[in-house]
Every structure is written in structure tokens, then in C-alpha cells.
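Asks: The following block contains the structure, expressed as C-alpha cells.
The values are calculated or read from the model by the stated rules, or taken from the named source; none is laboratory data. Everything numeric here is computed off the predicted structure, so don't read it as measured data. Here Cβ is always computed from backbone atoms with ideal geometry, including for glycine, and neighbour counts include all displayed protein chains. For accessibility, only protein heavy atoms count, side chains too; no ligands or nucleic acids. Shrake-Rupley method; radii C 1.70, N 1.55, O 1.52, S 1.80 Å.
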Amino acid sequence: MQNSTWLLLLYGLPAKGNTARVTLWRKLKKYGAVQLKTSAYVLPDQPEHYERFQWLATEIKDSGGEATLIRVAQIEGVADQQIVQMFNEARAAEYKEVRQACQSLLNGRSKEKKRELAVAFGRQQRRFREIKEVDYFKSPAGDDTQMILQRLEKILTTKGRAAIQPKLAARDFQGRKWLTRPRPGIDRAGSAWLVRKFIDAKAKFVFGTEPSKHPKALPFDMADVEFSHHGDDCTFETLVKRFGLADKAVLRMAEMVHDADLEDEKFQRTECIGINAVLSGWARTKMSDAELLAKGIECFAGLYQQLRK
């Protein structure tokens, strides 16, 4: 989503107005506004946002402060894309809190009673929906959070042992187009390397958030698709198991990707955490999704050669 105009709320509150300041901050956070300066907040220019800022301006004035609401096409010194990134980073931080809470539930689920786990899951699911409502530019972190919530939901709803998935033959997946989410991180980059190295040497990768818009592509590391997180497995592990890969270096890499992606210390492997940090840094640059994925694939190619020694 690219916004054409923005709404800016500029305000000043009396020095002793701590209660009013906290109330205002909570409402701005609830509405998903991001802070440009100490007393300046921005939202995309939409009718409901204009109305919300109007009410806040009135409340500020009623508290003895000053408030100005303006509509601007451009904010000097800040490009539209920078503002979008600010919104996405704010939502990513909020999504991270949900993911960490869900991961704690997954790690300690053997100690939790199922009813208590269900209550905690419901709480995190509600929080996820709240964040989603103010995720105006579809932060990539939202999909990661949705997938870990789905893992929890499956644990709560699945009775008995999960069905064993049949092994797939790489020969049936040649020359295909593979779809994944933009700004690929450790699991998507590793999975793309795995696909091209062991499954589909001529694989072409495309990016998007809705598989229905790419009907001929094979989606991976996305919510509600076959090649994604299942049970305790990340997408890399799912691909390894579904295609019956037995390469010892690949099996070690699967453990590394798992720990870097899911952050649950299941295998006590730290080797891919550095790669994940590098990919996260590159993702903040103007590098295209294709360039980012290509660099990630190169990292995994080097790691594989080192592990084969």
C-alpha cells in the first residue's frame, strides 16, 4: 500500500498534565499512529483516522493543551517509503511480543494444562487481531506471527498423533515457479537454497502475500500452505522431511535454521543466527527481494560447503 497523503497531529500539553499525556499515548498506540517527533504523530490519510485525530485534538485542548491537525502530501526530509517502514517496524515490534509469548507457550506446553494453554492462546490470538487492524502496510512480521499461532492452534485441536505425510519425489517438481513472502529471512532463504540444490535446480522464485494471485506457483513458508511450518518444524525442516533428504550436512543445517528461525533453542545450534542477523540488516536496505534472496542462497551455499568438510 502506498499512501498519497498523511495526517499529522501536532500537540503540546501542560507540563503537569501527566494523566492526559498517558491517556493520549495509549490512544495513539491503539490507533497505530507512529511518532515523527516528540509531539508529532502520523497516520495514513483515511476518514476514520481523520475523525480519531479530531477527537484527540479536542481532548488535548480540553486538557489545557494545544493541538493542530493537518493533511500533507509530503513531509519534508522524510520520504513516503521511510514513513511506511516506520509503521512496519512499529507493528513488527508488537508482533514480536506475540511471537515470543507463543513460543514460551510452545516450549512449556508439557507443563501447561490444555485448558490453561487454550486461554493463553486465545489471549495472544486477540492481541494478534488488534495489531492486524492497525497494520496499515502489511508488515512481513504479521505472517510469521500468524504461522506460530497456527502451530499452537493445531496442538490444541489435533487429537492423537499427526498423520504421517507421504514422501514426495523431486522429479515431480522440476522447472516450477516457487512463491514466498517479500523480504526473505533465514527460513525462506534457506528453503530456497534447499529447493534449488536438491529439489528443483531450475526453480524460479517470485514474491507475494496471496497464493491465490499466483495459482501456478508453489507457495512456501506462508500461512496455510503445504510447504511451511508444521508441528515443531520450520519450513526448511518440512521440505527435508517431505522430500526424504538424508544428506548429513543438510540435516545439521535443518537444526541450525530451526533454532535461528523459531528461537526455541531446541537443538542448541547457533551457526545460523549470524546469517539471520545479516539478512535482517540487508532487508532494511533498498535491496530488492530477488537480490536479498540471492544473497541468502549464497550464504547457505557457503555454509553447506563448510559443513561437508
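Asks: Among the aspartates and glutamates, which have Cα under 16 Å from the Cα of Lys16 when same-chain residues fewer than 8 positions away are ignored?
Replies: Glu59, Asp62, Glu66
Asks: Here is a further query. Set the Förster distance to 25 Å, then compute FRET efficiency between Leu307 and Phe173 from the Cβ-Cβ distance, nearest 0.05.
Replies: On the way: r = 24 Å, r/R0 = 0.97.
The value I calculate is 0.55.
Asks: Rounded to the nearest 0.05, what FRET efficiency is calculated for Thr157 and Lys132 with R0 set to 25 Å and r the Cβ-Cβ distance? Each step should come with its number before you reach the end.
Replies: Numbers: r = 21 Å, r/R0 = 0.84.
It comes to 0.75.
Asks: What does the accessible area of Thr270 come to, in Å² to the nearest 10, when a probe of 1.4 Å is used?
Replies: Roughly 100 Å² of Thr270 is accessible to a 1.4 Å probe.
Asks: If I take every Cα pair under 8 Å that is 6 or more residues apart in the range 135-266, average their sequence separation and divide by the length, what percent do I get for the relative contact order?
Replies: 27 percent
Asks: Here's another thing I want to ask about it. Mind telling me which of Lys177, Lys113, Lys138 comes out most flexible in a GNM of the chain, alpha-carbon contacts under 10 Å?
Replies: Of Lys177, Lys113, Lys138, the Gaussian network model singles out Lys113 as fluctuating most.
Asks: Subtract the Cα-Cα distance of Ile75 and Thr285 from 0.36 nm times their separation in residues, and report this length gain in nm to one decimal. Don't skip to the answer; put the middle values down first.
Replies: Values: separation 210, 0.36 × 210 = 75.60 nm, distance 2.07 nm.
The span from Ile75 to Thr285 would gain 73.5 nm if fully extended.
Asks: Just checking my list (i) 75, 17, 16; (ii) 41, 23, 17; (iii) 36, 19, 16 against semi-axes √(5λ) of the Cα gyration tensor in Å computed from this structure; which label fits?
Replies: (ii)
Asks: Measuring with a 1.4 Å probe in the full set of protein chains, what accessible area per residue, in whole Å², belongs to the chain?
Replies: Value for the chain: 55 Å² per residue.
Asks: Gaussian network model of the chain, Cα springs within a sub-10 Å range: biggest mean-square fluctuation belongs to which of Arg123, Arg242, Arg171?
Replies: Arg171
Asks: Roughly how much of Glu271 is accessible, in Å² to the nearest 10, using a 1.4 Å probe?
Replies: Using a 1.4 Å probe on the heavy atoms, I get roughly 80 Å².
Asks: Comparing Gly32, Gly208, Gly142, which has the greatest mean-square fluctuation in the GNM of the chain with Cα pairs linked when under 10 Å apart?
Replies: Gly208
Asks: Given an 8 Å cut-off on Cα distances and at least 6 residues of separation, report the relative contact order of the range 1-112 as a percent.
Replies: Once divided by the residue count of the range 1-112, the mean separation gives 35 percent.
Asks: Would you work out the relative contact order for the chain, in percent, from Cα pairs under 8 angstrom that are 6 or more residues apart?
Replies: Contact order relative to length: 14 percent.
Asks: In nm, what is the difference between 0.36 nm times the number of residues separating Arg115 and Lys27 and their Cα-Cα distance?
Replies: 28.4 nm
Asks: Pairing the Cα long axis of helix 18-31 with the longest principal axis of the chain, what angle in degrees results, from 0 to 90 and rounded to the nearest 10?
Replies: 40 degrees
Asks: With angles folded into 0 to 90 degrees, how steeply does helix 248-262 sit against the dominant principal axis of the chain? Use alpha carbons for both and round to 10.
Replies: Its long axis makes an angle of about 20 degrees.
Asks: Pull out the extension gain between Val278 and Arg252, defined as 0.36 nm times the separation in residues minus the alpha carbon to alpha carbon distance; nm, one decimal.
Replies: The span from Val278 to Arg252 would gain 7.3 nm if fully extended.
Asks: Using a 1.4 Å probe over the heavy atoms of the protein chains, calculate the carbon and sulfur portion of the accessible area of the chain as a whole percent.
Replies: Of the solvent-accessible surface of the chain, carbon and sulfur hold 50 percent.
Asks: Restrict the search to the range 150-237; then list the GluC sites (Glu not before Pro) that DSSP places in a loop and that have at most 15 other Cβ atoms within 10 Å of their Cβ.
Replies: Glu226
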